[in-house]
Every structure is written in C-alpha cells, then in structure tokens.
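Here is the structure we will look at.
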Amino acid sequence: MFFFRHFVCCWRSQESSKDLWSHSKDSKDSKGNEDRTKNSSGKEKSIPLKVNGSRGSRKNAMTPTTIPKSPATIFPPREHIERNKEKARAHRRNKNWEDVRYLGVGAFGHVKLLKNAETGELLAVKELKCKSTSSEEVYEAIIHGQLKHENVIQLFFWRKHYEKLFMYLEYASGGSLGDLKGPLAEEDALRYFEQIRKGVDYLHSRGVIHRDLKPDNVLLTEEGIIKIADLGLCSLYIWKGAEIYLSGFLGTQSYMAPEVFTGMKYRGPPIDVWACGIILFNMLTAGRPWWTADPEDRNYSLWVKRKRKIFKKKFWHKVEALSSWSLLKRILAVDPEKRICGWRQLRHEEKPHQ
C-alpha cells in the first residue's frame, strides 16, 4: 500500500510540473520591468514587457503552442559554448587590455571601450547585472552570439564573473544615427535604410525579432557601414519551423507599431518593419511623424484618416515631395497585413537604393 501511494504522489507531481516553464515566469519579478535606458543623457527610454498589466518576462511573449520540455532548448550546441569559453579564457590571460572611456551608462549596466596596448585593437564591453547563467539572464548573449552579418554588431564572446555579465562586442566608432544633426539627403538616407533592411532581413531569417529598433540602436562605422546593435529586448518568433505570435508592450514608444497598443497578439516581422519606417522618416526630416501610434495621438489619428491637415507641417510637406514617399506609405501602413511584412517583397518590387 505504501508503494502504491508513493507511485500516485510521484505521478501527480509529474503531471503538475508539465507546464511549469510556461507559468513559472508569471510569478517572478523580472528585471525586464525596469526602465531600459541607453544612457543618462535623457534620451527616450525603452519600455519593458507588460502582459495584461502584470509583470512578466520576454518569454511570455513568445510561448509556442507546443511547449518545449525545457527552456534550455534555445541554447546553442555544446561546441559553440566551448569555443566561447576558450575565447573568454584567452581574453582574461591577455593583460594588455586597457580601459579607454565609457560609451554609455544605463539602468542595468554600462558600455566601456577597451584598447589592446600591443595590437591597438578596440572592443566595446557591455557589462550587465547577472545573478545566474539561466536562459533568462543570458538570453541576449546566447542569441546575439549566434548572429553574424555585416550589418549587425558582432558579439565575439561573453563571460560571467560573479554577478556580472560581460559581452565583448565589435566597436563602431562612427556613433549612431541618433547622433546625426539635421535631416540627411534622400540619397544618403536611402543608402543607410538599405543597409538597415539587410540587417533586419538577416535577423528575421534567423527567427529573431529585434523589438527595439530606433536611431540610437543603429550604429555607424568610420566607413559609413550600418551596424544594428542592442538585442536586449529581442524575441524568437520561429519555433520548430512554425511562426509564433507575440504579445506585450515592449520597445521604445515612438517606434512601436499600432498593433502593439491593441493588447492582442501580433506578428513579429511587421513591428520591426514599422520601426524601420519611422527611422527612415527620422533620417529624412530629423523629426518624428507622431509621438505614439495610438488613436489618442492627434497626428497619428490624422494619418489613419488620411486627413490633409497633417501635411501642413513643414517636414511632412518635405517628405511628400520626395521619391521615397510611396515607400514610406507602404511601410507605415496601419494594417500589418497591408504593410510590407517581408523584405523579399520589397526587394523584388522596389529598390530603395535607386
């Protein structure tokens, strides 16, 4: 009788733990609910994820219909982890690295520039608070470490030391698009936009949604090459070959797509495309079309109703006269189904660099 009761208790505990991963995150206070600031200069903040008014983690927004057995399935192969450890050990053994200056300070940590006194090599080190090596704590490093593209900042390796996570990144010395003063010539803006398109297209092909695209997160090299950076709020939108619908209020408010404000689930790629459209508008005008894509915003409401009053503004009048106006209208389509939701469609139908 004792063995029978013991068997029943074990079976019940096993059944109750099947959905543990998908629900345990709701009971935790995630650090993602704090303000995500790039630096202390007063720039617009990235808003953390909120699901139905409660605290949650980024995984709540990408829970697949078929829940995997363990969150460890997002980890890269063991060979990748071993290579990363070898690079981290080699970096610690090299005593020629010197601190140069701080590149930015935020709520979770800071970014610092390192220089190798022997070779002159420069690295940007992103230091974050990290209490454990769980998938939630090192999510950004794991995903970023598997990405390699000419228009995406490269993560060389990462390591954890006590309660800190260090990410050693490629250094883009040209600043960011947010540092540019005044509007760009249309030719230059479209040239940058084409590179952003390639970088975002690569992320989507790898099943990754950036979710916080904005000028401050688009860096430049000295040669004028675009580098998409800061994947701290990214999400996976492909799971076992199937697309996962996202949810939650995540990103920077002025660059969020209108479907994010509805409180319903939405597709991932169209929200990145929308943010790219706002970035293009910003490069052409040095301004923003509206503060937020919410019906309560007057300028956005006029855009939805296609009222001509909105075009009385100086920068709107300027954009309407440009050849890229038709491209902007397709990217900033309110309905995500009518929006250019796949860059392959844009690639065949329009060529913005021309």
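The values are calculated or read from the model by the stated rules, or taken from the named source; none is laboratory data. Because the structure is predicted, anything quoted here is derived from the model rather than measured. Cβ coordinates were reconstructed from backbone atoms using ideal geometry, including for glycine residues, and neighbour counts include every protein chain displayed.
Considering every residue within the range 91-112, establish whether at least one is in a strand (DSSP E or B), modelled with pLDDT under 85 and among the aliphatic types (A, V, I, L, M).
Yes.
Kindly indicate whether any position in the range 125-141 is under 19 Å from the mean Cα position of the chain (by Cα), modelled with pLDDT of 65 or more, within 23 Å of Asp230 (Cα to Cα) and among the basic types (Lys, Arg).
yes
Pairs only if they're at least six apart or on different chains, beta carbon under 7 angstrom, first in the range 154-166 and in contact (Cβ under 8 Å) with a residue 40 or more places away in the chain, second assigned to a strand (DSSP E or B) and of a type outside the set (A, V, I, L, M, F, W, C); list them, first residue then second.
Pairs found: Phe156/Tyr168; Phe157/Tyr168; Trp158/Tyr168; Lys164/Glu127; Lys164/Lys129; Phe166/Glu127; Phe166/Arg159.
Of the residues Gly109, Gly145, Gly104, Gly178, which is small (Gly, Ala, Ser) and either in contact with a Gly (Cβ under 8 Å, 6 or more places away or on another chain) or free of Cβ contacts under 8 Å to residues at least 60 places away in the same chain (or both)? Before the answer, list the steps.
On the way: Gly145 fails: either in contact with a Gly (Cβ under 8 Å, 6 or more places away or on another chain) or free of Cβ contacts under 8 Å to residues at least 60 places away in the same chain (or both); Gly104 fails: either in contact with a Gly (Cβ under 8 Å, 6 or more places away or on another chain) or free of Cβ contacts under 8 Å to residues at least 60 places away in the same chain (or both); Gly178 fails: either in contact with a Gly (Cβ under 8 Å, 6 or more places away or on another chain) or free of Cβ contacts under 8 Å to residues at least 60 places away in the same chain (or both).
Unique residue meeting the criteria: Gly109.
Arg211 fails exactly one of the following numbered conditions: (1) out of contact with any helix residue (DSSP H, G or I) (no Cβ under 6 Å at 6 or more places or on another chain); (2) not in a loop (DSSP other than H, G, I, E, B). What is the number of that condition?
Failing condition for Arg211: (2).
Mind checking which residues of the range 319-345 are modelled with pLDDT under 80 and surrounded by fewer than 16 Cβ atoms within 10 Å (Cβ to Cβ)?
Glu320, Ala321, Gly342, Arg344, Gln345
Taking the range 145-165 on its own, how many of its residues are of a type outside the set (Val, Ile, Thr) and at pLDDT 90 or above?
The total comes to 8.
I'd like the full set of residues that are assigned to a loop (DSSP other than H, G, I, E, B), touching a Gly at 6+ places or on another chain (Cβ under 7 Å) and either within 27 Å of Trp290 (Cβ to Cβ) or at pLDDT below 90 (or both), limited to the range 217-247.
Listed by number, the residues that qualify are Leu233, Tyr237.
Taking the range 80-101 as the search range and keeping residues that are touching a residue at least 40 places away in the same chain (Cβ under 8 Å) and not basic (Lys, Arg), which one is farthest from Ile143 (Cα to Cα)?
Checked the range 80-101; the qualifying residue farthest from Ile143 (Cα to Cα) is His91.
If you go through the range 212-232 one residue at a time, how many are within 8 Å of the chain's Cα centre (by Cα), over 17 Å from Val105 (Cα atoms) and either surrounded by fewer than 23 Cβ atoms within 10 Å (Cβ to Cβ) or of a type in the set (D, E, K, R) (or both)?
1
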